[in-house]
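The values are calculated or read from the model by the stated rules, or taken from the named source; none is laboratory data. Quick caveat: nothing in here was measured; it's all calculated off a predicted structure. Because the Cβ atoms are built from the backbone with ideal geometry, glycine has one as well, and the counts that use them run over all protein chains shown.
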Amino acid sequence: MRYCWGLGLGLAMALGLGPGAQANLTIDPETITLVGERPSPLVDGIAIPGNRTQPASARLILSYGEGPVTLRTLVSDLRRTDGVASIPASSITVTPAETLQLSPGKPVVVTVTVDFAAVRASGEFIGGLYFYRGQNRQVIPISARVKTAPLLPWMVMATGVLLGTGLSLYRSEGRSRDEIVVQVGHLRNQMRADQALHKDFSLSIQSELEDVFRALEDKDWTTAKAEVLEARNRWTLWRKYREDWQAQLAYRDQLLGEFEQMPEPTQSSPYMQTVKNSLDSIGRKIRASQYKDPQELSTSLAEVRQQVAQYKAGEALVDSLKERRRDLPQEQGEIWRHNLDQMEKQLRNLTPDPTSYKDWQTNLKAMETRLEEDIVQALPESPPHAQAGTTVLSRGGAILVPELQTLPSVPDISLLNPADPVYQARANLQWFNHISRTVAIIFLAWLGMTELYANKPTFGADPMRDYFALLAWGFGAELTRESMVKASQDLGITLGR
């Protein structure tokens, strides 16, 4: 098409001005090439930076070697090479207009200006500027290369960058987060459906899920996945041995109930407080998932049961000896009551282990033997009387002992100050990551605009190809940056993520 047009212009020039006139009329340059921008089609008419167009001009110098001559000018429409679009002649201004007066030795400057504001298509347009002298004419070819103003291409590039950045962020952060949240939701639904789930196991799993969300807040995906796996393992451990766990935990609750039913002096005794601490420790171990199967829990509960049983057995022995000492005279019976109260006090202060209890039981057995000997030797007619002693008794006859002093509280751990260098370092890292990402994307996008837009004078002539190339470049800018960062990290070079 371009060849045919050039051939037509050549024929027109050959058939135009006569040989003499052509020899005397000189036009410099012999062709006109103009480059300009048209408004972006989506924001046409909006006076914003990046969408403004400027007219393009070219100058011709005309000179004539003989007497005065009058030339008339006429410009044609500029048509795109495919014939689909054109620039109307009304958008082309020739100055001076219509008539030119040429004299020997007095060149005339002709300015051709094309206003691209009304152009609705990009591409290369070809037309001609005609000079008439009578029936003769001379044609100067005009070529205009038009591309879209940079606003819309930048918008397309930014859209591609945003899509690529969003995909990269979701792939590196959002996808992992969503997968973890879905797993947590599925696990919680299973827990809600199990009406028999014990509260200690529920607290154990919930504590792991809280660690999951803390890891999600810190964007520590590896730790979050590990915590989810641990929570699922605890749930699987419960579900696998559900009936056995229920039986053992019900027995532990029974032991706690028996402790609550004991009188206050017994509950507050060091012996039973140690037993209570053992039961509480079992609960903490369950919540920390330290029992691998119900058999380990059964072994721990058996130890606690043995401690409770031996205390009750020792308490029953002391009570029986207290009843037995009533066969003695009052004075001697009071002495034995004081002795038995002392033995009961020792029982309460015992460490609940078999060795301590066995030693205490041996002493109680010896005391029982002496009591029986005193009962045999006692005379029924002996008058009961009180004997002063140094032991301080309560109104109920119990021996009063000094109260134990409580231990001081554990000192609190002071929280980190927000002005601590750790927080400042974290903020610096976040700013560095954001700035490095932004700068890298801007450089890559600018390179794309240079290669795909600035170096193509007819950008927009093929919208599907041109704009899709910008969109694809912008989309790949973030992926390229991420690949470069990963490659540098593999080589041991530290860059911002």
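The figures follow:
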item: Verdict on Ala288 being over 29 Å from Leu371 (Cβ atoms) and at pLDDT below 90; result: yes
item: Tally, over segment 19-74, of residues that are under 13 Å from Pro150 (Cβ atoms), at pLDDT 75 or above and in a loop (DSSP other than H, G, I, E, B); result: 2
item: Residue check for Gly185: at pLDDT 80 or above, in contact with a Pro (Cβ under 9 Å, 6 or more places away or on another chain) and of a type in the set (Gly, Ala, Ser); result: no
item: Options Asp244, Asp220; residue that is surrounded by fewer than 18 Cβ atoms within 10 Å (Cβ to Cβ), touching a helix residue (DSSP H, G or I) at 6+ places or on another chain (Cβ under 6 Å) and on the phi < 0 side of the Ramachandran plot; result: Asp244
item: Looking only at segment 75-90, and only at residues there that are modelled with pLDDT under 85 and surrounded by fewer than 14 Cβ atoms within 10 Å (Cβ to Cβ), the one that is nearest to Ile27 (Cα to Cα); result: Ser90
item: Cross-chain or 6+ apart pairs with Cβ under 7 Å, segment 313-328 first and surrounded by 12 or more Cβ atoms within 10 Å (Cβ to Cβ), then at pLDDT 90 or above; result: Gly314/Trp360
item: Test: residue in segment 471-492 that is over 26 Å from Gly36 (Cα atoms), in a loop (DSSP other than H, G, I, E, B) and modelled with pLDDT under 75; result: yes
item: Evaluation of Arg337 against (1) crowded, with 19+ Cβ neighbours inside 10 Å; (2) among the basic types (Lys, Arg); (3) under 29 Å from Ala247 (Cβ atoms) (one fails), failing number; result: (3)
item: Qualifying residue in segment 202-221 (condition: among the small types (Gly, Ala, Ser) and in contact (Cβ under 8 Å) with a residue 40 or more places away in the chain); result: yes
item: First in segment 56-68 and acidic (Asp, Glu), second anywhere and not in a loop (DSSP other than H, G, I, E, B), Cβ under 7 Å, 6 or more apart; result: Glu66/Asn24; Glu66/Pro104
item: Search result, residues across segment 89-125 that are in a strand (DSSP E or B), within 56 Å of the chain's Cα centre (by Cα) and of a type in the set (A, V, I, L, M); result: Val114
item: Every residue from segment 246-296 that is basic (Lys, Arg) and either part of a helix (DSSP H, G or I) or more than 46 Å from the chain's Cα centre (by Cα) (or both); result: Arg252, Lys276, Arg284, Lys285, Arg287
item: Selection from segment 238-268 of residues that are polar (S, T, N, Q) and free of Cβ contacts under 8 Å to residues at least 60 places away in the same chain; result: Gln246, Gln248, Gln254, Gln261, Gln267, Ser268
item: Search result, residues across segment 122-179 that are modelled with pLDDT under 85 and of a type in the set (Lys, Arg); result: Arg133, Arg137, Lys147, Arg171, Arg175
item: For Arg232: the one exception among (1) closer than 30 Å to Arg252 by Cα; (2) surrounded by fewer than 17 Cβ atoms within 10 Å (Cβ to Cβ); (3) charged (D, E, K, R); result: (2)
